[in-house]
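A short worksheet on the structure shown next.
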Amino acid sequence: MALVRTWAQRAGELLLHSYFNQVTPERKLDQSVVTMADRAIEDWLREQILAHYPHHGVIGEEREPIGLEREYVWVIDPIDGTSSFVAGLPMWAVSIGVLWRGGPLIGVIYLPVLRDCYWAIAGEAAFWNDTPIHVAPPEPPNPNDWIAIPSTFHRAYTIHYPGKVRVLGSVAADCCYVARGKAQAAIIGRAKVWDVAAGWVIVQAAGGVVCPLEGTLPDWTTLLHTVRLPTPVVIGHAEQVARVCSWVRRIPV
């Protein structure tokens, strides 16, 4: 864990001082945004991982996966929230997850602008820097409570949450603020495996659950190969998640 935290923080400092507000975005074939920083930091993280653990697998957003059938698989997102990064906004993160035998084991998320590191080992406590954290209790929301939602959620769903809704622009950040109990819950769209691998470990270690908004979720081995979630999910305390799901409706086509 100490090594993973060190890598995440080092990657974050490299991004903050060498690339933030200094790069030109490009468009990938799927029209998502990428920068030279995404590629450089993923390459750097892969070098560290494979130098220390040459028999582990690695999957990330910008390069081809290696060894997805191996006992340990690292799931990395060099910049979760690239659009925010490009826009000069502070809500972006380095996300590193580790799977063991097809299940989540370690999650580390570092938000460089805020100097915040969130981390957890599956089955143990979750932390914000060195402070233990826990999801918010399942109390009915007041007008100033908030949940995080995807920026495009309104295109397919309506939500009648009685508090506030916010778009943070980073799935990793959504997970962190839910785990810390600042957000009551978060709705995560059809994110990709590298967006959620670390965050879900942290949320679950903080006492939260991950519940599909519709249908069912695949196992992690399947998700490594299909990459994208088949349905949006809701994260938070189990009772709060059930409430949020009851307030969401799909817009008829």
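List of remarks:
- Residue count for the range 211-227, restricted to those that are surrounded by fewer than 18 Cβ atoms within 10 Å (Cβ to Cβ) and part of a helix (DSSP H, G or I): 4.
- Of Ile133, Ile188, all but one fail to be closer than 25 Å to Pro252 by Cβ and surrounded by 15 or more Cβ atoms within 10 Å (Cβ to Cβ); the exception is Ile188.
- Flag if Ser170 is open to solvent by 10 Å² or more (accessible area, probe 1.4 Å) and among the hydroxyl-bearing types (Ser, Thr, Tyr): no
- Of everything listed in (1) at pLDDT below 95; (2) open to solvent by 50 Å² or more (accessible area, probe 1.4 Å), the single unmet condition for Arg115 is (1).
- Criterion applied to Pro54, Pro65 was being open to solvent by less than 70 Å² (accessible area, probe 1.4 Å), modelled with pLDDT of 95 or more, over 20 Å from Asp116 (Cα atoms) and not hydrophobic (A, V, I, L, M, F, W, C), and the one residue passing it is Pro65.
- Candidate set from the range 32-63 (those that are under 20 Å from the mean Cα position of the chain (by Cα) and in a loop (DSSP other than H, G, I, E, B)); member that is farthest from Ala8 (Cα to Cα): Ser32
- Every pair of residues 6+ apart whose Cβ atoms lie under 7 Å, when the first sits in the range 236-249 and is in a strand (DSSP E or B) while the second is of a type in the set (Phe, Trp, Tyr): Val248/Tyr157; Arg249/Tyr157
- Single residue of the range 228-253 satisfying the filter (more than 23 Å from Gly163 (Cβ to Cβ) and open to solvent by less than 50 Å² (accessible area, probe 1.4 Å)) that is modelled with the lowest pLDDT: Thr231
- Of the residues in the range 85-92, at least one is open to solvent by 10 Å² or more (accessible area, probe 1.4 Å), without any contact (Cβ under 8 Å) to a residue 60 or more places away in the chain and not in a helix (DSSP H, G or I).
- Test: residue in the range 23-43 that is touching a helix residue (DSSP H, G or I) at 6+ places or on another chain (Cβ under 8 Å) and farther than 20 Å from Pro90 by Cα: no
- Counted residues, the range 114-143 - those being outside any strand (DSSP E or B) and either out of contact with any helix residue (DSSP H, G or I) (no Cβ under 9 Å at 6 or more places or on another chain) or of a type outside the set (Lys, Arg) (or both): 17
- Subset of the range 68-84 [open to solvent by 30 Å² or more (accessible area, probe 1.4 Å) and assigned to a strand (DSSP E or B)]: Tyr72
- Residue in the range 192-210 that is outside any loop (DSSP other than H, G, I, E, B), in contact with a helix residue (DSSP H, G or I) (Cβ under 9 Å, 6 or more places away or on another chain), open to solvent by 40 Å² or more (accessible area, probe 1.4 Å) and without any contact (Cβ under 8 Å) to a residue 24 or more places away in the chain present: no
- For the range 25-32, the criterion of being without any contact (Cβ under 8 Å) to a residue 12 or more places away in the chain, in contact with a Ser or Thr (Cβ under 9 Å, 6 or more places away or on another chain) and either open to solvent by 10 Å² or more (accessible area, probe 1.4 Å) or more than 27 Å from Thr226 (Cβ to Cβ) (or both) is met by at least one residue.
The values are calculated or read from the model by the stated rules, or taken from the named source; none is laboratory data. Note that this is a predicted model, so its numbers are computed, not measured. All Cβ positions, even for glycine, are placed from backbone atoms using ideal geometry, and neighbour counts span all protein chains on display. Protein only, heavy atoms only, side chains kept; ligands, DNA and RNA dropped before computing areas. Shrake-Rupley method; radii C 1.70, N 1.55, O 1.52, S 1.80 Å.
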